[in-house]
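Asks: Shown below is the structure under consideration.
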Amino acid sequence: MARIIMIGPGHPLRGGLSTFNQRLAKEFIHEGHECSIYSFSLQYPSILFPGKTQYSDESPPENLRIESAINSINPLNWIKVGNSLKRERPDIIFVRFWLPFMGPALGTILRRIKTNNHTKIICIADNIIPHEKRPGDKPFTNYFIKSCDAFIVMSETVLKDLRSFEKNKPAQLVPHPLFDNFGELITKTEARKHLGIPVNEKVILFFGFIRKYKGLDILLEAMQILKNKFPHSAATGVKLMVAGEFYEDEKNYRELIAQMDLAGDLYLHTSFITDSEVKYYLGAADVIVQPYRNATQSGVTPLAYHFEKPTIVTNVGGLPAMVVDNKTGLITEPDAEHIASTIAAFYELGENYFIPHLRLEKQKYSWHNMVRAVLQLAEEV
């Protein structure tokens, strides 16, 4: 049995990172290890946080110790937390890295821990080079990376970026496990009834925080093309459901919707989607569309696999790696014309064409694989 402490967001902080960390911690516990989470008392200063709130109003996960201890902007706190974890002497620190801004805090904490000459530091890196670049990215990232013993990445893109900073330390690529903690599959009829959507409509879904690199504006242009160029296709009358909070100024999107006369073709649910509501949005959709301009990997595709929903993804970064083209989904180019034609092609094939392939492919993405990789790396270093 290993004693493992995860450093990264956890309840009451909300979002995909917290959800992932909590699900993985429970897998460690399920497999006989001791695991807890050291989260943030202050993750982002309010001025740097693009959403409405950083906190969830849902109940905390049961039987999981989460300490809200780390202040991301207070160096005295970093030393205090690092010394505390040093004294705890866990066998493994499993630390989440997703943003260079966190490099100074996490790097300092890890350096204090390492002085106990016992704890192995394993990083899981969502991004090495961020989607939106800021001053200090390279030195902050480099400072953090030097404090780690080994790395797990979830896409070839991130592995390549990692090797531009660190060429020799062990690293494993482990695909993003399925998000299987949002409830069981529900019928499309039940999901649409809950959301107030007609059962017989054609509905595509854009899911997740709305940021420029995710390409919602491109998808809106594709919707206009579908209306104008594919009026008699199988995609006639398709509606776009947008489910996720704006992480940038929504004014440009509202103006684009008005200019393109798309208001009647959209369902806009642009507030944070709580964990308990996720199953309804995924369940209501025919297909999930990820029109990203660039990407490392996405937590949306594993979510789609769990709910057995096909995906349309753009051929950027690590997105295509989890989609078997023309089987579990369709891969297209990141422009409106290609996305529109691919949506039309999806409806020509029909949702049921993809279901058997999804059920087969989803078996590859287990949480056990992530646990096994962490333990293997800890033995190597």
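The values are calculated or read from the model by the stated rules, or taken from the named source; none is laboratory data. A quick note: this is a predicted structure, and the numbers were derived from the prediction, not measured. Virtual Cβ from ideal backbone geometry, glycine too; neighbours counted across all protein chains shown.
Asks: Could you say which residue among 207, 151, 179, 165 is among the hydrophobic types (A, V, I, L, M, F, W, C), under 30 Å from residue 379 (Cβ atoms) and touching a strand residue (DSSP E or B) at 6+ places or on another chain (Cβ under 7 Å)?
Replies: 151
Asks: Give the residues of segment 86-100 that are in a loop (DSSP other than H, G, I, E, B) and either charged (D, E, K, R) or without any contact (Cβ under 8 Å) to a residue 12 or more places away in the chain (or both), sorted by residue number.
Replies: If the condition is that a residue be in a loop (DSSP other than H, G, I, E, B) and either charged (D, E, K, R) or without any contact (Cβ under 8 Å) to a residue 12 or more places away in the chain (or both), then 89, 91 are the ones that fit.
Asks: Now for a different question. What number of residues in segment 193-214 are buried (at least 22 other Cβ atoms within 10 Å of the Cβ) and either modelled with pLDDT of 95 or more or polar (S, T, N, Q) (or both)?
Replies: Number satisfying all stated conditions: 4.
Asks: Counting just the residues of segment 331-352 that are of a type in the set (A, V, I, L, M) and farther than 22 Å from residue 212 by Cα, which one comes out surrounded by the most Cβ atoms within 10 Å (Cβ to Cβ)?
Replies: If we take residues in segment 331-352 being of a type in the set (A, V, I, L, M) and farther than 22 Å from residue 212 by Cα, then 344 is surrounded by the most Cβ atoms within 10 Å (Cβ to Cβ).
Asks: Right, next: Determine if segment 31-47 includes at least one residue that is at pLDDT 95 or above and part of a helix (DSSP H, G or I).
Replies: For segment 31-47, residues at pLDDT 95 or above and part of a helix (DSSP H, G or I): absent.
Asks: Filter segment 319-333 down to the residues that are modelled with pLDDT of 95 or more and not hydrophobic (A, V, I, L, M, F, W, C) and list them by number.
Replies: 325, 326, 327, 328, 329, 332, 333, listed by residue number.
Asks: Same structure, new question: Return the residues of segment 139-160 that are more than 15 Å from residue 121 (Cβ to Cβ), crowded, with 19+ Cβ neighbours inside 10 Å and touching a residue at least 60 places away in the same chain (Cβ under 8 Å); say none if nothing qualifies.
Replies: Scanning segment 139-160 gives 154, 155, 157, 158.
Asks: Here is a follow-up. Regarding segment 253-269, can at least one residue be identified that is farther than 25 Å from residue 350 by Cβ, outside any helix (DSSP H, G or I) and either in the same structural domain as residue 17 (by TED's automatic domain parsing) or out of contact with any strand residue (DSSP E or B) (no Cβ under 7 Å at 6 or more places or on another chain) (or both)?
Replies: Scanning segment 253-269 turns up at least one residue that is farther than 25 Å from residue 350 by Cβ, outside any helix (DSSP H, G or I) and either in the same structural domain as residue 17 (by TED's automatic domain parsing) or out of contact with any strand residue (DSSP E or B) (no Cβ under 7 Å at 6 or more places or on another chain) (or both).
Asks: I'm trying to understand the selection: among the residues of segment 354-381, which are assigned to a helix (DSSP H, G or I), in contact (Cβ under 8 Å) with a residue 24 or more places away in the chain and within 26 Å of residue 286 (Cα to Cα)?
Replies: 354, 355, 357, 358, 359, 361, 362, 364, listed by residue number.
Asks: Okay, moving on. Report the residue count in segment 316-353 for those that are touching a residue at least 40 places away in the same chain (Cβ under 8 Å), closer than 25 Å to residue 20 by Cβ and assigned to a helix (DSSP H, G or I).
Replies: 2
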